[in-house]
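This report concerns only the one structure given below.
Rule-based calculations on the coordinates, nothing more; no lab input. Remember, predicted model here, so these are calculated numbers, not experimental data. All Cβ positions, glycine included, derive from the backbone under ideal geometry; neighbour counts span all protein chains shown.
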Amino acid sequence: MSEEPKITVRNFNAYYSGKMALKDVNIDIPENKIMAMIGPSGCGKSTFLRSLNRMNDLIEGFTVTGGMMIDGKNIYDKDVDVTKLRRNVGMVFQKPNPFPKTIFENIAYGLKINKLCKSRDELSGKVEESLKEAGLWEEVKDELNKSAFALSGGQQQRLCIARAMVVRPEIILMDEPTASLDPISTAKIEELIQELKKSYTIVIVTHNMQQAARVADRTAFFMLGEMVEYSDTSVMFTKPEKKITEEYITGRFG
Amino acid sequence: MGIKDKGMRKNFIERMLGPIASMSLVFLLGIALTLIITGMPAFREVGVLKFIFGNEWRPTFDPPYFGIWPLIVASFIVTFGAILFAVPIGVASAIYTAEIASPGVRETIKPVMELLASIPSVVFGFFGIVFISPILQKVLGLPTGLNGLNAAIILGLMAVPTVASITEDAISAVSKDLRNASYALGANKWETIVKTVVPAAKSGIFTAVILGVSRAMGETMTVLMAAGGARGVPSSIFVPMRPMTATIAGEMGEAVIGSTHYHALFAIGFVLFAINVIFNLAAEYVKKGGNK
């Protein structure tokens, strides 16, 4: 890679109450690319993802060692403002989790919290823009004041993506974003993810290997808290370096 | 013996559960009927409108006046005042114990709250007479501290545990997913509590407020002791007043059975009952609308 990577992870270890969950992870994630993480349950891929925006800080007893750099700045340094970090590193969760508010208020939440808009017009403009980017505008433009719960699961998840995008993060983390969706909704989200990489660096955890193969530029295989293999997705799924990776990919365990 | 016997016993228990469960309904209807039947002579003699909107409650005068408007106004003033104390304190305590306090602090506060709820109302009444009322009298420069505000403060205090514990349940029931969504957008803990957790718990908090209102509206002994007992239509919360419950409890002993006064007290009970029912139905209606 010639360019400076967006995210650089060096000798990263993570522990839940002293119990090791990630062991000596080293990874470079390039800008405006999609990086997928695959691996069996409990392999540490979600822990890794949630370390990137320090959501794990909310779990009591979680500690890390080593470095996790975004644009060269270690996000675990003492002087890092976690709320600013999370604004810069958005997240989409496994289960769509819209707020029990209107569609409009769901998107506006991040803008209001971070005081990013000076006027009501600016707020509406940004909400509309973000819904358009998420491909949801046409479906919801006449019902912005309806509850977000009135939407289908797939629409809710796209709403959550729009909600994450509206504050203009540089990185978006996705934790199995289609795990609870039907195939059509899944296809729409995957299409959207492809579109988003023009503007964002995307890190996605998935249980679904076809999904990784379809959407990701780079893929990392995790197992028992270690990163076993990390390469271009095409390489990973055609000629993986390690035997264990091949066994996982071909479905011999997992 | 054996299987057949067991089956019959199960059948018997199941058949008993239905009637037991419907007993509260029977009691409710029984109470409503008792109130209306016993109160009816008063309504008939005085006239419903004159009874409810009459400005004078002088049951022992000659001729007597049976207008309960002063009592209704007093009940509303005291209840409203109580809610102004109970809701902010109750909701704030709930937020504190559910979201902010360390487990150690929480384990201390909760039993203390429960203890507060278990104090008999007559003791609260004493507290109002000897402690709060002199303070009010001095601080506000009033002729007497036994007034609507005094009763409202104590009733508010009594309703705090109810409001706090139901609110806390509602707040604790807000899913972690919603909190995570808020944190992931760069909200801090306080913003997450105020903008996500509390709004998501609002229907539960609303229920807490309603129960607090019912508790304050129906409380008797405290208001009898602490509200001052004056018969006129109260002009503000700072004057002595006589809510409906205090009137019934205070006068039942001296009313001659079968007299208009006696029936009028039952009629007051019916009005109180009706207000509470209307209030609860309205609350249920609003709550359903809010959940859509």
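Sequence gap at least 6, Cα distance under 8 Å: using those rules, report the relative contact order of chain B to the nearest whole percent. Reported relative contact order: 27 percent. Long hydrophobic helices in chain B, taken as whole DSSP H segments with a C-alpha length of 20 Å or more on their own axis and mean Kyte-Doolittle hydropathy at least 0.0: B:3-46, B:69-95, B:103-118, B:148-172, B:202-218, B:260-291. Projected onto its three principal axes, the C-alpha set of segment A:135-220 covers 41, 28, 18 Å, listed from the longest axis down.
Taking a ≥ b ≥ c as the square roots of the Cα gyration tensor eigenvalues, with a/c under 1.5 meaning rounded and otherwise prolate when a/b beats b/c, else oblate, which class fits segment A:187-254? Walk me through the numbers on the way to the answer.
Numbers: a/c = 2.05, a/b = 1.86, b/c = 1.10.
In terms of gyration-tensor shape, prolate.
To the nearest 20 debye, what charge dipole does segment B:194-292 have about its Cα centre, counting +1 at the Cβ of each Lys and Arg and -1 at the Cβ of each Asp and Glu?
Magnitude of the dipole: close to 600 debye.
If you build a Gaussian network model of chain B, linking Cα atoms that sit under 10 Å apart, which residue out of B:F12, B:F273, B:F238 swings the most? Comparing B:F12, B:F273, B:F238 in the GNM, the peak value goes to B:F12.
All C-alpha pair distances within segment B:106-170, sorted into 10 Å bins from zero, spread as 20, 42, 26, 11, 1 percent across the bins.
Pick from B:E251, B:E14, B:E191: which is most flexible by mean-square fluctuation in a GNM of chain B where alpha carbon atoms under 10 Å apart are linked? Per the Cα network of chain B with a 10 Å cutoff, B:E14 tops the list. Amide H to amide H, with H built 1.01 Å from N, A:M174 comes under 5 Å of A:V92, A:V203, A:I204, A:V205, counting only residues 5 or more places away or on other chains.
Take the Cα gyration tensor of segment B:207-251, multiply each eigenvalue by 5, square-root it, and list the three semi-axes largest first, rounded to whole angstrom. Don't jump to the answer; show the numbers that get you there.
Numbers: eigenvalues 81, 35, 12 Å².
Taking √(5λ) for each Cα gyration eigenvalue gives 20, 13, 8 Å.
Between B:L28, B:L116, B:L211, the Gaussian network model of chain B with springs among Cα atoms under 10 angstrom shows the greatest mean-square fluctuation at B:L28. In a simple Cβ point-charge model (Lys, Arg +1; Asp, Glu -1; nothing else charged), segment B:65-291 has a dipole of about 360 debye relative to its Cα centre. Its DSSP H runs of at least 4 residues, each contributing -39,500 (n - 2.57), put the calculated 222 nm mean residue ellipticity of the protein assembly as shown at -17500 deg cm²/dmol, to the nearest 500. Between segment B:66-117 and segment A:179-254, the C-alpha centres lie 54 angstrom from each other.
Look at where the Cα atoms of segment A:19-96 and of segment B:156-193 average out, and the two centres are 27 Å apart.
The calculated Kirkwood hydrodynamic radius for segment B:65-291 is 19.0 Å, given to one decimal from all distinct C-alpha pairs. Summing Cβ point charges (Lys, Arg +1; Asp, Glu -1) relative to the Cα centre of segment A:7-249 gives a dipole of roughly 520 debye.
Take every DSSP beta bridge whose two residues both sit in the protein assembly as shown, then give the antiparallel share in percent to the nearest 5.
Details: 26 of 44 bridges.
Looking only at bridges with both residues in the protein assembly as shown, the antiparallel portion is about 60 percent.
Volume per residue for the protein assembly as shown equals 255 cubic angstrom (convex hull of Cα atoms).
Please give the per residue volume of the convex hull enclosing the alpha carbon atoms of segment A:7-249, rounded to a whole number of Å³.
Details: hull volume 29.7 nm³, N = 243.
Each residue corresponds to 122 Å³ of Cα convex hull volume.
Partner lysines whose Cα lies under 19 Å from the Cα of B:K176, excluding those fewer than 8 positions away in the same chain, are identified as A:K95, A:K101, B:K189, B:K195, B:K202.
Quick one: angle between helix A:103-113 and the longest Cα principal axis of chain A, in degrees between 0 and 90, rounded to 10, please. Long axis of A:103-113 versus the principal axis of chain A: about 70 degrees.
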